[in-house]
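What follows is a short report on a single structure.
A short reminder: the numbers here are calculations on the coordinates, not readings from a lab. Keep in mind that this is a model prediction, so the values were computed, not measured. Backbone-built Cβ (ideal geometry, glycine too); neighbour counts: all protein chains shown.
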Amino acid sequence: METYHFSPPPRAKEGGVRLRVALVYPNSYAVGMDNLGFQGVFRLLASSTSVHCERVFYERDRRCISLESHLRLNEFDVVAFSISFENDYINVLRMLKDSAIEPLASNRDERSPLLLAGGAATTINPEPMTPFMDAIFLGEADEAIQEIVGRCSELEERGRQPVLKSLALVEGVYVPSIQSPFLGEGRDVAGTVRRRVVRDPSTTFCSTAVSSPRSHLGGMFLAEAVRGCSRKCRFCAATCIYAPLRYVPADSLLARVWQAGSSVRTVGLVGACVSEHPDLVPVARALVERGIRVSVSSLRADIGASEILELLARSGTRTVTIAPEAGTREMRKLVNKELAEDSLEETVAAARDSGLASLRLYFMVGLPGEKLEDVMAIVSLVESVSSRFRAGKKARHVTVSVSPFVPKAWTPFQWCPMDERGALRTKMQTLSRQLSRLKGVRFKPQGLRSSFLQAALSRGSWKTGLALHAMVFEGLSARTAWKRAGLEFDSEVFSARELGAALAWDHLDVVPSRERLRKEYEKAFGGGPG
């Protein structure tokens with residue numbers, strides 16, 4: 001059973017609804033209900049007296065209908081997609097196909113819903129979605145939702161094109177038919193669309209609007225504690241698209257939890273650098289004193305013997321996550337994540353002494369210039385961490401999650417190639433073989449095939465969208481679909497970009513300084529990666 005943590009207005013009695021919105025998460029209910037961005041937007045839409053909002057999720061082999069009233073997407077005025085991961089783009093098109101909605105924006109007429117998109121993936125690089133979306137939001141929507149709703153509410157009176165022209169005036173909104181240099185009316189549009197930033201998220205920060213035991217996190221109440229990150233890791237898009245660093249005040253966090261009601265038993269504090277929150281310990285202590293279990297999305301690997309570890313364990317949390325990212329100091333320096341191994345060992349010892357039962361480590365393979373000995377260093381580091389953390393206790397275990405490096409737009413590594421297929425397979429097989437020999441260690445690799453698709457999408461253009469269209473609507477393989485769109489799949493994934501070459505997203509303003517990206521790239525590689 002779902003639990004609402006806010007009170008939607010009584011629209012049925014007032015009869016004031018002007019806009020019917022389907023808020024879509026293009027992945028399963030279990031995944032979508034744990035997404036804070038989706039939850040935050042649902043709260044804002046469902047709280048509006050002029051909007052009737054229903055949720056829709058993508059479930060394989062099931063009809064694409066709304067959760068609340070079982071309506072198809074083509075029965076709404078606006079269909080708004082919340083897209084966190086590039087690989088879900090293909091699900092967006094599958095949902096349009098299932099709903100009998102014309103996928104290409106240029107072919108839709110007044111009878112079709114207005115299609116909007118937002119989220120982390122489309123903020124990083126919206127271009128693959130531009131053939132399909134009427135408007136795409138870049139950045140943080142906290143303060144923009146009501147502006148967008150107000151303009152969309154004029155659909156019936158004014159019609160599609162006037163509304164799109166009006167939306168293009170909203171900061172953060174990208175209307176491809178008007179503002180794209182590839183699909184739009186003009187070519188000189190550089191700098192006309194910039195990422196929207198909320199300067200003070202202390203009241204608008206995201207938290208769980210509706211909790212459900214059927215989510216992957218089992219109904220955990222999530223609250224955003226931090227936006228941005230102090231660590232400027234060169235591979236990380238989140239560092240760029242959520243800058244600047246902002247902390248949600250402790251009193252705001254606690255007030256939101258108390259308002260959620262007595263049904264809240266577990267609270268997850270979310271952010272890229274939660275352990276750097278200046279009031280993390282007082283917040284955790286206040287929650288623990290009320291008998292609430294506390295979890296954090298991740299901890300700094302060099303946090304050491306912090307009181308937060310003891311509080312997490314005392315609250316009933318059994319696992320913490322840290323991300324060394326690489327096995328050698330040289331590779332960590334390359335990605336701008338300085339971490340001395342003695343600091344990591346201190347953190348691991350503190351986690352052990354606090355009574356935590358398991359530890360999760362995150363690593364990447366396939367970083368530019370990486371050698372097999374760098375991969376073997378991951379094994380050595382895991383063996384050292386496991387030995388220290390388990391300390392002879394069989395019940396404790398260490399989970400090692402490994403993902404291939406995928407270059408992302410708006411990062412200093414956006415010009416880098418992805419590692420070759422054969423090299424990545426060898427590295428993953430080596431890790432699997434070597435880590436399986438270690439007692440108490442569980443290996444969880446990310447699939448290579450999905451990573452290659454992610455790489456093709458993350459730096460894609462409008463033509464990439466046409467390739468996705470061919471995959472979904474014509475049933476073509478990725479390689480054939482990319483060729484149909486005039487692209488070479490392997491070149492898109494495994495080739496470096498020249499520093500001076502035009503990039504598909506150059507006309508957008510997502511980060512304040514392109515020059516900083518270039519300088520960080522040159523600082524890491526000098527003449528170039530590899």
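A compact table of results
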{"read-out": "Förster radius 51 Å - calculated FRET efficiency between ASP342 and ASP61, Cβ distance, rounded to 0.05", "value": "0.50"}
{"read-out": "Cβ-based exposure ranking for VAL193, VAL17, in which fewest neighbours within 10 Å come first", "value": "VAL17, VAL193"}
{"read-out": "Under-5 Å amide H pairs with VAL365, H placed in peptide plane, nonlocal only", "value": "SER403, PHE405"}
{"read-out": "Backbone N under 17 Å from the ARG318 label point (7 Å along Cα→Cβ), restricted to region 383-401", "value": "390, 393-400"}
{"read-out": "In region 80-111, the trypsin sites (Lys or Arg not before Pro) that fall in loop regions by DSSP, at most 16 other Cβ within 10 Å", "value": "ARG111"}
{"read-out": "Those residues of region 353-395 whose amide nitrogen sits under 14 Å from the label point placed on ALA305, 7 Å along Cα→Cβ", "value": "353-355"}
{"read-out": "Gain upon complete extension [ARG160, THR192; 0.36 nm per residue less C-alpha separation]", "value": "9.4 nm"}
{"read-out": "GluC sites (Glu not before Pro) within region 94-191: DSSP coil, no more than 12 neighbouring Cβ in 10 Å", "value": "GLU110, GLU185"}
{"read-out": "For ASP279, distant residues with modelled amide H under 5 Å away", "value": "none"}
{"read-out": "In Hz, Karplus ³J(HN,Hα) per residue of region 95-111 (6.51, -1.76, 1.60; θ = phi - 60°; x = Gly, Pro)", "value": "5, 5, 4, 5, 8, 6, 9, 4, x, 7, 4, 5, 9, 7, 10, 5, 6"}
{"read-out": "For ARG265, distant residues with modelled amide H under 5 Å away", "value": "PHE221"}
{"read-out": "ASP34, ASP61 arranged by Cβ crowding within 10 Å, fewest neighbours leading", "value": "ASP61, ASP34"}
{"read-out": "Karplus-derived HN-Hα couplings along region 26-35 (A = 6.51, B = -1.76, C = 1.60, θ = phi - 60°), whole Hz, x at Gly and Pro", "value": "x, 7, 5, 4, 4, 7, x, 6, 9, 9"}
{"read-out": "Integer Hz, Karplus 6.51/-1.76/1.60 couplings in order for region 45-61, x for Gly and Pro", "value": "5, 5, 7, 7, 6, 9, 10, 10, 10, 10, 9, 9, 10, 9, 10, 4, 6"}
{"read-out": "Cβ-Cβ FRET estimate between GLU68 and GLU330, R0 fixed at 45 Å, reported to 0.05", "value": "0.25"}
{"read-out": "Residue-averaged [θ]222 nm for the chain, counting only DSSP H segments that reach four residues, each worth -39500 (n - 2.57)", "value": "-10500 deg cm²/dmol"}
{"read-out": "SER495-ARG516 FRET efficiency (beta carbon distance; Förster radius 35 Å; 0.05 resolution)", "value": "0.90"}
